[in-house]
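Here the structure is laid out as structure tokens; the discussion comes afterwards.
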Amino acid sequence: LGKLEEVHARISKDCNPADVKKLQSKIDDLKKKCKDKEQKKNEKIEELKRTKEQLHKFDDAAQTLSTWLENQINELKNQEPPSSSADILKEQLEHHNKFTDDVQDEGNDLF
């Protein structure tokens with residue numbers, strides 16, 4: 001727009017006032033449109049920044065969940081079969097109940 005205004009200044013010396021006024025009006029319209037477009041661009045940039053931040057938070061949460069799930073799967077794979085000893089079976093049941101509570105807590109965090 002700076003170049004356009006320079007050209008306008010040079011041309012306006014040789015034009016009649018009505019044409020200069022029309023040209024100035026068109027330049028003003030272009031300035032307003034440029035300002036509006038700049039504002040919309042800045043709003044979109046801010047929206048993209050917010051979306052990117054949300055995506056990073058989601059990605060971090062998904063990675064944490066994935067790690068947690070892998071750990072739970074490994075724990076289930078390495079779980080001892082039920083014991084015939086009442087004391088050991090009681091410990092296994094307590095461990096199983098804690099595991100179940102952890103799974104439920106993690107599920108509640110998701111929803």
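The values are calculated or read from the model by the stated rules, or taken from the named source; none is laboratory data. In this text the structure is predicted, and so the values were computed from the model without any measurement. A quick note on method: Cβ atoms are made from the backbone with ideal geometry, for glycine too, and the neighbour counts reach across all protein chains shown. Ligands, DNA and RNA are excluded from the accessible area calculation, which covers all protein heavy atoms including side chains. Shrake-Rupley method; radii C 1.70, N 1.55, O 1.52, S 1.80 Å.
Roughly what angle does helix 86-110 make with the longest principal axis of the chain, taking Cα atoms, 0 to 90 degrees, to the nearest 10?
Tilt of helix 86-110: around 10 degrees.
Would you calculate, for the chain, the mean residue ellipticity at 222 nm contributed by helices, counting each DSSP H stretch of 4 or more residues as -39,500 (n - 2.57) and dividing by all residues, to the nearest 500?
-32000 deg cm²/dmol
Provide the FRET efficiency to the nearest 0.05 for the Gln92-Trp68 pair, computing r from the beta carbons and using R0 = 22 Å.
After rounding to 0.05, the efficiency reads 0.55.
Hey, rough spin-label estimate for Glu80 and Asp29, points 7 angstrom out along Cα→Cβ, what's it come to in nanometres?
8.5
So, with +1 on the Cβ of K and R and -1 on the Cβ of D and E, and no other charges, what is the size of the charge dipole of the chain about its Cα centre, to the nearest 20 debye?
Using Cβ point charges on Lys, Arg, Asp and Glu, the chain gives about 1920 debye.
In degrees from 0 to 90, rounded to the nearest 10, what is the angle of the helix 17-77 Cα long axis to the longest principal axis of the chain?
10
Enter the angle in degrees (range 0 to 90, nearest 10) between the Cα long axis of helix 2-12 and the first principal axis of the Cα atoms of the chain, meaning the one along which they spread out most.
Relative to the chain, helix 2-12 is tipped by roughly 10 degrees.
Taking all protein chains in place and a 1.4 Å probe, what share, in percent, of the accessible surface of the chain do carbon and sulfur account for?
56
Using the Cα centre of region 1-104 as origin and beta-carbon charges of +1 (Lys, Arg) and -1 (Asp, Glu), tell me which of Asn71, Cys34, Thr100 is placed farthest towards the positive end of the dipole.
Cys34
Report which label in [x] 47, 33, 26; [y] 103, 22, 20; [z] 108, 20, 11 holds the value of Cα extents along the principal axes in Å derived from the coordinates of this structure.
It is the one labelled [z].
Tell me which of Phe58, Cys15, Ser83 sits at the most positive position along the dipole axis of the chain, charges placed on C-beta atoms (Lys, Arg +1; Asp, Glu -1).
Towards the positive end, the residue furthest out is Cys15.
Along the Cα→Cβ direction, 7 angstrom out, place labels at Asp60 and Glu47. What is the inter-label distance in nm?
It is 2.5 nm.
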